[in-house]
Amino acid sequence: MLNGLNFRPQSNPQVNSLADACCQHIRLEGDPDVDDDGDDNTTPLGYHRGLYFLADIVEDNQNTLWRVPIAVSEKIEDVYLTWFYGRASMAVLEHDAGMDRVLAPKGTVTHQSRIPNKRQKTNDVQFIRGQEIEEDNINLQLGDRGVIVRPLAREAGRDVDEHQARLYPEPDQPENLGADDKVSEIWRQVPYDIFAVGANGARSKDPSHILLSHHARDNVTWDTFKTTNFSAIFERIQVRMVSEEFWKTTLFDRYFPPKGADIKERGKLQNFPYLTYYRNWNTLMNQLSVEDSKIVRKGLLTEFQKIKWLPHGGSDRMWATKTMTSQSWKIYPIGSNGGACPQIAVNTATWNREPITLGIRSADGMEEEEEEEGDED
């Protein structure tokens with residue numbers, strides 16, 4: 001409610017169209033063209049009564065769900081709906097929702113392997129997998145070292161207590177996790193998050209740079225990052241062998257920034273801000289004292305140093321694909337042609353000169369080229 005008093009709705013046609021469609025619609029007084037049973041000649045009420053009033057909500061008995069009336073929802077143009085859902089056309093949106101379509105407008109169908117990496121937040125891995133993977137659980141014994149996670153600042157008062165009592169009746173009170181559990185949750189989340197924002201080709205019809213299937217990306221673990229056998233992951237990459245010092249400082253700071261690290265303006269940092277682990281990590285840093293935050297990062301660094309590779313990226317993103325020409329970079333497979341492909345950092349301290357093996361995209365993962373439509377005679 002406070003946000004509603006201080007911030008006005010976004011000024012763009014997509015948002016305004018949805019707001020108009022979802023608010024109450026009224027008939028204009030004295031309009032001779034208004035049919036008593038018709039809804040066509042109505043106008044959105046919007047904020048004309050001082051507050052925003054939602055439209056009537058209809059219960060769809062067949063599907064046991066609630067929705068706005070069809071007469072209202074049909075007022076939203078298709079182009080706005082596709083914008084909200086991040087799809088190129090209504091045909092693609094309906095197909096993704098399980099509705100059959102025979103044809104879509106030309107140029108709107110994307111490659112089936114592309115990763116939806118433009119989401120505002122990645123999913124929590126606990127809702128993706130059936131059970132925890134024991135190998136990714138870590139215990140840094142932070143509690144034994146006196147690390148205390150301070151509670152976040154929240155509203156207090158009788159109403160808050162009563163609300164909590166309704167949400168969490170005894171004995172199912174929300175669990176206050178200690179530092180070890182929080183860090184372990186964050187660590188388990190990282191592998192999934194990395195591939196959830198994996199790099200795609202430049203054009204919508206280009207495949208993803210990642211060979212892993214959707215199921216495989218959902219179930220990736222830290223074991224994936226402890227080998228340079230990329231036969232199931234990449235077909236082409238740019239590799240930079242980085243020193244132990246670079247791995248421990250520059251790269252570690254990018255993935256797990258210290259408490260009080262400088263923030264960046266919106267748009268200046270890609271991938272990281274939209275990862276669940278990254279947000280939870282920064283929240284944890286805010287809940288720790290300066291000294292405890294150093295203890296946590298030092299403990300996590302011991303696990304970070306066991307990894308053999310990570311997306312190299314840069315100070316502004318996790319995944320980068322720009323072609324690098326300096327001698328410190330090498331394109332694999334050796335002898336392959338240049339072109340955009342993921343930049344990978346290999347930790348020389350744990351590499352042990354293991355061969356770097358690449359895979360080949362299967363025929364099933366390649367999109368058939370659409371025949372160009374010629375003019376009819």
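The values are calculated or read from the model by the stated rules, or taken from the named source; none is laboratory data. This one's a predicted model, so the numbers in the text were calculated from it and none came from an experiment. Note that we place each Cβ from the backbone using ideal geometry, even for glycine, and neighbour counts take in every protein chain shown.
Can you say whether Ala340 is more than 29 Å from Arg188 (Cα to Cα) and either assigned to a loop (DSSP other than H, G, I, E, B) or not basic (Lys, Arg) (or both), as far as the supplied structure shows? Yes; evaluated as a whole, the condition is true for this residue. Candidates in the stretch 220-251 are the residues that are among the aromatic types (Phe, Trp, Tyr) and more than 13 Å from Val346 (Cα to Cα); of these, the one that is surrounded by the fewest Cβ atoms within 10 Å (Cβ to Cβ) is Trp222. Considering the conditions (1) hydrophobic (A, V, I, L, M, F, W, C); (2) farther than 29 Å from Asp218 by Cβ; (3) modelled with pLDDT of 90 or more; (4) not in a loop (DSSP other than H, G, I, E, B), Ile148 is excluded by exactly one of them, (4). Number of residues in the stretch 300-327 that are surrounded by 13 or more Cβ atoms within 10 Å (Cβ to Cβ) and in a helix (DSSP H, G or I) equals 4. Only one of the listed residues (Leu51, Leu103) is of a type in the set (A, V, I, L, M, F, W, C), at pLDDT 80 or above and in a loop (DSSP other than H, G, I, E, B). That residue is Leu51.
Residues are listed down the side, and each one gets a yes or a no for (1) surrounded by fewer than 18 Cβ atoms within 10 Å (Cβ to Cβ); (2) over 23 Å from Pro116 (Cα atoms); (3) of a type in the set (S, T, N, Q); (4) modelled with pLDDT of 95 or more:
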| position | (1), (2), (3), (4) |
| --- | --- |
| Phe256 | no, yes, no, yes |
| Gly260 | yes, yes, no, no |
| Gly267 | yes, no, no, no |
| Thr283 | yes, yes, yes, no |
| Lys298 | yes, yes, no, yes |
